[in-house]
Amino acid sequence: MQGSGISVLFMGKNLLRLLGGLWVTLRISLIAVLLSIPLGLLFGMLMTLKSPVSRIVSRVYLEFIRIMPQLVLLFIAYFGVTRAFGWNLSGDTSAIIVFTLWGTAEMGDLVRSALISIPKHQYDSAMALGMSRVQTFGYVVVPQTMRRLIPLTINLTTRMIKTTSLVVLIGMTEVLKVGKQIIDANRFDYPTAALWVYGVIFLLYFLACFPISMLARKLEKRWR
Amino acid sequence: MKLKNLFIKLITLTVASLLLITGIAGCGNAKTGSSGTASYRTIDEIKQSGKIVIGVFSDKAPFGYVDENGKYQGYDIYFAERIAKDLGVEVEYVSTDPASRVEYVATGKVDIILANFTVTEERAKQVDFALPYMKVMLGVVSPDNALITDVEQLNAKNLIVVKGTTAETYFEKNYPDVSLQKYDEYADAYNALLDGRGDAFSTDNTEVLAWALSNTGFTVGIDALGNADTIAPAVQKGNTTLLDWLNDEIEALGEENFFHADYAATLDSVYGKAANPDNLVVEGGKVE
Amino acid sequence: MEDKILLEISGLVKRFGSETVLNGIDLSVHKGEVVVVLGPSGCGKSTLLRCMNGLEPPTDGTVLLDGKAVTADGKKITELRQKIGMVFQSYDLFPHKSIMDNITLAPIKVQKRPKREVEQDAQRLLKRVGLWEKRKAYPRELSGGQKQRAAIIRALCMNPELMLFDEVTAALDPEMVKEVLDVILELAESGMTMVIVTHEMQFARAVADRIIFLDNGKIVENSKPDEFFTNPKSQRAKDFLKTFSFEKRKNS
């Protein structure tokens, strides 16, 4: 009784379940990105400060987050925190915390590189025009930084969306897991379902990421 | 082991302090336990809360899977539903993976693990097993055109295993010459076998038997490898009230041949004549 | 040129770490005067200019504009800087703003002058240097010479009392140098007080009321241009000028 794999997609609530799974991914990514942007801006500025303390602290933070695989961080936040301190964080909370920590580090580094890529002469000429520090940042440095940051931030967002599929390992049923569940539940009757399910997941990821890239391109064009 | 724990604590402390620095800790719905270690819920606490949390597989038909309506189904689920019913509580399923099952129960994220959990000595150090409700041996499935019928044939071949399963430890211990290809999830492992990344796949015989039945071109060349392992529910170490209740429950269910009924409802349609229920089902926790 | 002293520098010392860049500079610039600072590279010319509007805080000594210390911190210095226009060697226009916005940004946001008035000023200035057609263009669409002219106008639109030019033609292609220097010459004729650092000797001679020759962080000569170019007093200045005349002979 082996049927065509495509029919699997339309059985019961399967399509809805896939969309629900996508939402799990998107919700975590978007919340994490929204938290990461302001925190990353602060963190990036902290990284450009001349104080050795803030430099060392931010460097250690960045390297720590970079070196640790996100999976390990997820396990620490989800299981490790419970083991060590008895705080029982939900999968949702753990994921948002980990991806915000990661996003803040990455965003901070992007902000830092965007900030130092603004030539010193831009600061000089702004100040020579009588601008205060705040005005120099507000009218000259930040707008230029933003422009440089937008494509990078979008890139980070799409990376975030793809990386959040890891949350499956702390028990969250995101879109890939739903896909696997559907494939598994039908593996006796519809062995070819995998192709269709993964095809749909690919399409869903594309539909989620494409508008974000489009928005970025539009913003970039407008500000060119 | 001590050092590893210290390491985990150190890292966790760092992460936790980072959380505080960035000020996110406040917005999570963190629930602080009374003691410093993860605590389990006693049978009374579970009854009082009106809900039992059971860790199951969500992509391992026919033992634990999710149907097209998003409902959990399978041999393990059939048992889990009965547990909830006899306790008079609701059941909440948590989807687990082979590698993280121990961690779920050890941290109290679930009350019981009921996810095709094979009893091993190593695991018994970390969790408390109740009486078994099933038994399995290992099986090896391979393509018909390069069928593996003897373990010796596996030397210098790629054998697919899923991380954290009995098969992984069995082959590592007894056949170190077999090169293992490890995957996190069953679906990935089967895909690897289907597209030829590995020469054979080994896991519980029940699993490979069922799979080979519906995948033409693949046969279980070895259907009973290693010792007969038993499958049992697991609870957190020291959770004696829940463990005792489970053992009483399993013994009582044996009287009514509950697990044969479970087999008929969930496994029979899959195995058909390929397996004899008496070779898989354990009633009343007694293995002959 | 009037008798009034606009900028007065006394005992100015500037050190970067252990390196002394300026070593006791005394200099006064009168209102309407054009002072050209010459000297071998690395002699501290740029640093001197940057000290004049407080971009570099002096290690010792004072810089007074109209009797007020340029070295003061905070709000005071931004007010003082509005009276001092500065143009740099590298094109320092804001890349994210059009030419018009580059020019009007500071007068509107810093000086809080009405937008209409500022735009009228900008229009007059842009027409004066032949850049009115480029008002909507972005800096990257302009040639180097056009960018420097726009940068001069941007500084002028603040109605400064003093203009500082820091080797403004050094990064330009030779054919664009003159269009920029002409603008500065015209400014000199209109009576603007200016301090100019340059390597263009002919221009220096034409524009300057006074030549300051700087070497090793000290003022070695302070004289009229004709006097400096025909009969320099110090050996250093003679050697310095020789390098130019040698080049000139070879080129002609």
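The values are calculated or read from the model by the stated rules, or taken from the named source; none is laboratory data. Not measured: the values here are computed from a predicted model. Here the Cβ positions follow ideal geometry from the backbone for every residue, glycine too, while neighbour counts run over all protein chains shown. Areas reflect the complete protein model, heavy atoms only, side chains present, ligands, DNA and RNA absent. Shrake-Rupley method; radii C 1.70, N 1.55, O 1.52, S 1.80 Å.
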Out of (1) at pLDDT 90 or above; (2) closer than 23 Å to residue B:39 by Cα; (3) under 12 Å from the mean Cα position of the chain (by Cα); (4) not basic (Lys, Arg), the odd one out for residue B:203 is which?
-> (2)
Those residues of segment A:101-121 which are open to solvent by 10 Å² or more (accessible area, probe 1.4 Å), within 14 Å of chain C (Cβ to nearest Cβ) and touching a Ser or Thr at 6+ places or on another chain (Cβ under 9 Å) amount to A:117, A:119, A:121
Residues of segment A:122-138 being touching a Phe, Trp or Tyr at 6+ places or on another chain (Cβ under 8 Å) and more than 7 Å from chain C (Cβ to nearest Cβ), in sequence order, are A:126, A:136
Scope segment C:109-122; condition at the interface with chain A (Cβ under 10 Å from one of its Cβ atoms) and open to solvent by less than 70 Å² (accessible area, probe 1.4 Å); matching residues | C:110, C:111
Just one listed residue, out of A:98, A:81, is crowded, with 23+ Cβ neighbours inside 10 Å, within 19 Å of residue A:166 (Cβ to Cβ) and in contact with a strand residue (DSSP E or B) (Cβ under 9 Å, 6 or more places away or on another chain), and it is A:81
Assess whether residue A:89 counts as being under 20 Å from residue A:156 (Cβ atoms) and within 12 Å of another protein chain (Cβ to nearest Cβ).
-> no
Boolean, residue B:156 is aliphatic (A, V, I, L, M), at positive phi and open to solvent by 50 Å² or more (accessible area, probe 1.4 Å) | yes
Evaluate the following for residue A:36: is it open to solvent by less than 50 Å² (accessible area, probe 1.4 Å), more than 11 Å from chain B (Cβ to nearest Cβ), touching a residue at least 60 places away in the same chain (Cβ under 8 Å) and under 14 Å from the mean Cα position of the chain (by Cα)?
-> no
If residue C:168 satisfies every condition in (1) out of contact with any strand residue (DSSP E or B) (no Cβ under 8 Å at 6 or more places or on another chain); (2) open to solvent by less than 50 Å² (accessible area, probe 1.4 Å) but one, which is the exception?
-> (1)
Out of (1) more than 12 Å from chain A (Cβ to nearest Cβ); (2) surrounded by fewer than 22 Cβ atoms within 10 Å (Cβ to Cβ), the odd one out for residue C:78 is which?
-> (1)
Looking only at segment C:47-75, and only at residues there that are of a type in the set (Gly, Ala, Ser) and open to solvent by 20 Å² or more (accessible area, probe 1.4 Å), the one that is nearest to the other protein chains (Cβ to nearest Cβ) = C:74
Within segment B:218-243, residues being in a strand (DSSP E or B) and charged (D, E, K, R) number 2
For segment A:1-8, state whether one or more residues are hydroxyl-bearing (Ser, Thr, Tyr), modelled with pLDDT under 90, touching a Phe, Trp or Tyr at 6+ places or on another chain (Cβ under 8 Å) and assigned to a helix (DSSP H, G or I).
-> yes
Top-ranked residue of segment C:51-78 - restricted to ones that are of a type outside the set (Asp, Glu) and in contact (Cβ under 8 Å) with a residue 60 or more places away in the chain, ranked as nearest to residue C:196 (Cα to Cα) = C:52
Per-region count, segment A:60-72, residues more than 7 Å from chain B (Cβ to nearest Cβ), in contact with a Leu (Cβ under 8 Å, 6 or more places away or on another chain) and open to solvent by less than 30 Å² (accessible area, probe 1.4 Å) = 1
May I ask you to list the residues in segment B:165-187 that are within 14 Å of chain A (Cβ to nearest Cβ) and surrounded by fewer than 18 Cβ atoms within 10 Å (Cβ to Cβ)?
-> B:184
Taking segment B:111-153, which residues are open to solvent by 60 Å² or more (accessible area, probe 1.4 Å), assigned to a loop (DSSP other than H, G, I, E, B) and not assigned by TED's automatic domain parsing to the domain that holds residue B:211?
-> B:125, B:126
Scanning for something surrounded by fewer than 21 Cβ atoms within 10 Å (Cβ to Cβ), touching a residue at least 60 places away in the same chain (Cβ under 8 Å) and not in a helix (DSSP H, G or I), does segment A:174-189 turn up at least one residue?
-> yes
Return the total of residues in segment B:190-217 being in a helix (DSSP H, G or I), more than 11 Å from chain A (Cβ to nearest Cβ) and either free of Cβ contacts under 8 Å to residues at least 24 places away in the same chain or in contact with a helix residue (DSSP H, G or I) (Cβ under 7 Å, 6 or more places away or on another chain) (or both).
-> 2
Residues that are more than 20 Å from residue B:287 (Cβ to Cβ) and crowded, with 24+ Cβ neighbours inside 10 Å, drawn from segment B:240-251 = B:242
Residue that is buried (at least 20 other Cβ atoms within 10 Å of the Cβ), within 14 Å of chain B (Cβ to nearest Cβ) and free of Cβ contacts under 8 Å to residues at least 12 places away in the same chain, where the choices are A:197, A:168 | A:168
